[in-house]
1. For the chain, find the longest principal axis of its Cα atoms and tell me its angle to the long axis of helix 161-176, 0 to 90°, nearest 10.
2. Which FRET efficiency value, to the nearest 0.05, do you get for ALA166 and SER24 by plugging their Cβ-Cβ distance into 1/(1 + (r/R0)^6) with R0 = 25 Å?
3. Under 18 Å Cα to Cα from LYS139, which aspartates and glutamates show up? Leave out anything in the same chain fewer than 8 places away.
4. Please compute the net charge surrounding ILE69, taking Lys and Arg as +1 and Asp and Glu as -1 over other residues with Cβ under 15 Å from its Cβ.
5. If Lys and Arg each add +1 and Asp and Glu each add -1, what is the summed charge of the other residues whose beta carbon sits under 15 Å from the beta carbon of PRO99?
6. Let me have the 222 nm mean residue ellipticity of the chain computed from DSSP H runs of 4+ only, each contributing -39500 (n - 2.57), with the sum over all residues rounded to the nearest 500.
7. Highest first, please rank the peptides 129-138, 72-81 by the mean number of other Cβ atoms sitting within 10 Å of their residues.
8. Let me check I've understood the local charge: for HIS153, count other residues with C-beta under 13 angstrom from its C-beta, Lys and Arg +1, Asp and Glu -1. What total comes out?
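The values are calculated or read from the model by the stated rules, or taken from the named source; none is laboratory data. Since we're looking at a predicted model, the values are computed, not measured. Note that each Cβ is placed from the backbone with ideal geometry, even for glycine, and that neighbours are counted across all protein chains shown. Accessible surface is based on the protein model in full, side chains and every heavy atom, while ligands, DNA and RNA are left aside. Shrake-Rupley method; radii C 1.70, N 1.55, O 1.52, S 1.80 Å.
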Amino acid sequence: MKRNWALSIAGIALFSLAFTSVSSLNFMVKSTQEIQGYMLTDHYYTLNNNINNSASAAYIAPKPLLNAIEQAALTLPSDSFTVAKNQQVLLTIKLVMAPQKAFIINNLTTGQQQTIDCNLKGDITANRAIEIVSNNYEKNKASLVDSYLYFNHKKIPVIENAAIQAEVMKLAEAEIK
């Protein structure tokens, strides 16, 4: 447990350095898990405390309108990952939805960055959909049913966390080899 905590803290510190272009966005650690000898940490950029926080790069307004919340939810970075081994972060992998859905991979060992198209089905990540429903942005009307987010009179297909994590692990394994 102490090791996981230490790795999470180290990952967060390196993560913030690796993504300087979005360093003024607020995020939280959603999960840390060991997979095939690597520590995979999922970082989530929250809508809340970004779109309504004037200190954030994603600030919209103190109380954004539904259309602005929807636009931010569908275009702002959502999930980002660090991949570490032996307490050293090797990769950062960020899922971006706009201008096109892709993974941005930063190899901290080589200093190289690459963009890989994301072919996962869906238009919004599960973490983002869950936050929209739980923050009650649309006063008891938003819902998450059968892998769809119903929000602002729209039915938005959701990309499941397990699918994102599986794709991230494939990308990480290919990059580390």
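1. That helix lies at roughly 30 degrees to the long axis.
2. It comes to 0.25.
3. GLU70, GLU131
4. Within the 15 Å Cβ shell, the charges total +1.
5. Taking every other residue near PRO99 into account, the sum is 0.
6. -9500 deg cm²/dmol
7. Packing proxy ranking, top to bottom: 72-81, 129-138.
8. Surrounding charge for HIS153 is +1.
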